[in-house]
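Each remark here refers to the structure printed beneath this line.
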Amino acid sequence: MKNWRKQVDTPVAKTVAGEAHQVKIAIDLIEMGARLQLLQEETSLSRERLLRLYKEIKGESPSKGMLPYSTDWFMSWQPNIHSSIFMDIYQFLIKYAGIDGVQALITAYRLYLDQVRGIEDTEPSLSITRAWFLIRFFKAGMMQLAPCKACGGYFVTHANDLHDNYVCGICHPPARAGKTRAAKQALIAAAQAA
């Protein structure tokens, strides 16, 4: 029976240093919250080894179930902004820093987290697994970056949408944008503190 899973054939993986590099990649991804399926695709380590490594690092078994496979999630207001930040960073690294593959994913995700955590009262809405899927959607030609006609920034869009008059969610936020329970609680807390 043919193995349908992509094999990572790096000759380095057969050496001790190569195997240590694969373990380092797996550790980085696990610490970022990667799902087991992502680890299996991006490293040459066996499933059993990845399970042991995951349990050792997280102290629990990896979550099970379906991966979030939908381009629609990236189109809603806040996820689109976060996805666009990540994808802009990722493409910059590919184009100008000479980083590619899983290393580009890890580096771009770390930079994304730094950017988002630098904004007051903002939590990252993009997981490493969703970021990985976003890259796969771009490579498959399902999604692309389109410029906003108002601000000139580039944002994640479906590849087959019309983009001539595209306006991003920052320039034209939806009516309910920012009206989350957390925002309401922050407003109440600020009023009580005053």
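Here is the figure for the range 68-98: residues that are of a type in the set (A, V, I, L, M, F, W, C), surrounded by fewer than 17 Cβ atoms within 10 Å (Cβ to Cβ) and in contact with a Leu (Cβ under 8 Å, 6 or more places away or on another chain) total 0.
Taking the range 81-108 only, how many residues are at positive phi and assigned to a helix (DSSP H, G or I)?
Within the range 81-108, residues that are at positive phi and assigned to a helix (DSSP H, G or I) number 1.
Confirm whether ARG130 is among the basic types (Lys, Arg), surrounded by 16 or more Cβ atoms within 10 Å (Cβ to Cβ) and within 18 Å of ARG35 (Cα to Cα). So ARG130 passes the test. The set of residues in the range 13-22 that are part of a helix (DSSP H, G or I) and loosely packed, with under 15 Cβ neighbours inside 10 Å comprises LYS14, VAL16, ALA17, GLY18, ALA20.
Just to be sure before I move on: is TYR54 in the same structural domain as ALA159 (by TED's automatic domain parsing) and crowded, with 20+ Cβ neighbours inside 10 Å in the structure I sent? When the stated conditions are applied, TYR54 does not pass them.
Within the range 129-156, can you find the residues that are touching a residue at least 60 places away in the same chain (Cβ under 8 Å) and closer than 15 Å to THR71 by Cα?
THR129, ARG130, TRP132, PHE133, LEU134, PHE137, MET142, MET143, LEU145, PHE155, VAL156
Counting the residues of the range 53-80 that are among the β-branched types (Val, Ile, Thr) and in a loop (DSSP other than H, G, I, E, B) gives 1. Taken over the range 33-51, residues that are within 15 Å of the chain's Cα centre (by Cα), surrounded by 18 or more Cβ atoms within 10 Å (Cβ to Cβ) and not in a helix (DSSP H, G or I) amount to 2. Contact map, the range 57-75: first residue more than 12 Å from THR129 (Cα to Cα), second residue part of a loop (DSSP other than H, G, I, E, B) and modelled with pLDDT of 85 or more, Cβ cut-off under 6 Å, separation 6 or more or different chains; pairs are THR71/MET142.
The values are calculated or read from the model by the stated rules, or taken from the named source; none is laboratory data. Note that this is a predicted model, so its numbers are computed, not measured. Cβ coordinates were reconstructed from backbone atoms using ideal geometry, including for glycine residues, and neighbour counts include every protein chain displayed.
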